[in-house]
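Here the structure comes first, spelled out in structure tokens, and everything after it is commentary.
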Amino acid sequence: MSLVHLPPYTVNLSPRAMRHDVDWGLAAYKVPEVWNQTDGEGVTVCVIDTGVDDHRHLKVDDHVNFTSDSETRDTVGHGTHVAGVIASRSSHCRGIAPGVKLISLKVLGHSGFGNNRDVADAVRYAAAAGADICCMSLGGPTKSKEVADAVRDASEKGVILICAAGNDAGPVNFPAALAETIAVGAVDHRGHRCEFSCSGDAITVAAPGENITSLWLNDGYATLSGTSMAAPFVAGVVALYLSACRDKPCPGVVTALRETCTDVGAAGRDPEYGWGLINPREMIEL
């Protein structure tokens, strides 16, 4: 049975949240400027990861465990961090779209590993549950037919699948490499591609992925780096976009990204940044 796993990442535990209300990525990419228009209300986001821990600054509407772990909640921390980037309601560590409906689908156990069958089942569950977005900060080097079929079916039902590109500086991992997904690369404070970020023609967009502070186990906080952090950043922005589009006609998400991203690197779409750096304000106001 083929395995799927967390990309390699490092953790710096923080005894408290940041001194400011938002992490550097939200400030640099001017996310707070769009909160007067939307906070993601009306959008359902499924986090397919290690589960999500109970945290005073997160509201999780449902927890579903696809693994053999006896514990449905997160015991690793990774899924909680990802969920916090999207939807933290902390006044000192706010997520991008705190108004979304959040569902935790646990497919990676306490080891950080899982199997593609469980990932496929989670994607199908998300589609059946009416999810608007699936965020997957996981992957592997090998294409899984089970996952590919589930992703294709979910995409045909209108689910936006946003995936971390991978952290081994090699080719884009699966499922991010699938044509139906939005593959996200990571950039640093300067907007430069992080050395660890995987690259290739599948990359759609790049977003902050270095030294990202978010929620952690036991009501804590932690600072992580990786495309695992860049993918929920994009998922949060897309949630804001979909929420804003409830009241106006809008282009599809991929078209909106293509038309509003800040082009960096080689002109046009390139294998390191895709269409460029995500531009939340331009996207919401499209």
- Task: Taking 7 Å along the Cα-to-C-beta vector as the label spot, tell me the residue 54-residue 255 distance in nanometres, rounded to one decimal.
- Result: 4.5
- Net charge of neighbours whose Cβ lies under 12 Å from the Cβ of residue 276, counting Lys and Arg as +1 and Asp and Glu as -1: -2
- Sequence of 245, 198 from largest to smallest accessible area, 1.4 Å probe: 245, 198
- Only Cα pairs under 8 Å and at least 6 apart count here; give the relative contact order of the stretch 1-87 as a rounded whole percent. 26
- Task: Could you look at the chain and say what percent of its accessible area is carbon and sulfur, using a 1.4 Å probe and all protein chains?
- Result: 47
- Can you check what the net charge comes to around residue 157, using other residues whose Cβ is under 12 Å from the Cβ of residue 157 (Lys, Arg +1; Asp, Glu -1)? -2
- Task: Please report, in whole Å, how far the alpha carbons of the stretch 56-122 spread along each principal axis, starting with the longest.
- Result: 36, 19, 17
- Task: State in Å² the accessible area per residue of the stretch 1-105; use a 1.4 Å probe, count heavy atoms of protein chains only, and round to the nearest integer.
- Result: 44
- Message: Per DSSP helix of 4 or more residues, -39500 (n - 2.57); summed, then divided by the residues of the chain. What does that give at 222 nm, rounded to the nearest 500?
- Response: -7500 deg cm²/dmol
- Rank these by accessible area, largest first, 1.4 Å probe: 69, 201. 201, 69
- For the chain, what does the alpha-carbon gyration tensor say about shape, rounded, prolate or oblate, given a ≥ b ≥ c as the root eigenvalues, a/c under 1.5 as rounded, and a/b over b/c as prolate? rounded
- What net charge do the residues around residue 32 carry, taking every other residue with its C-beta under 12 Å from that of residue 32, with Lys and Arg at +1 and Asp and Glu at -1? -1
- Expressed per residue, the solvent accessible area of the stretch 210-286 in Å² (1.4 Å probe) is about 36
- Task: Using only the Cα atoms of the stretch 92-208, build the gyration tensor, take square roots of its eigenvalues as a ≥ b ≥ c, and label the shape rounded, prolate or oblate: rounded if a/c is under 1.5, else prolate if a/b is larger than b/c, else oblate.
- Result: oblate
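The values are calculated or read from the model by the stated rules, or taken from the named source; none is laboratory data. Note that the structure is predicted; figures quoted are calculated from it, not measured. Here Cβ is always computed from backbone atoms with ideal geometry, including for glycine, and neighbour counts include all displayed protein chains. The area values use the complete protein model at the heavy-atom level, side chains included, leaving out ligands, DNA and RNA. Shrake-Rupley method; radii C 1.70, N 1.55, O 1.52, S 1.80 Å.
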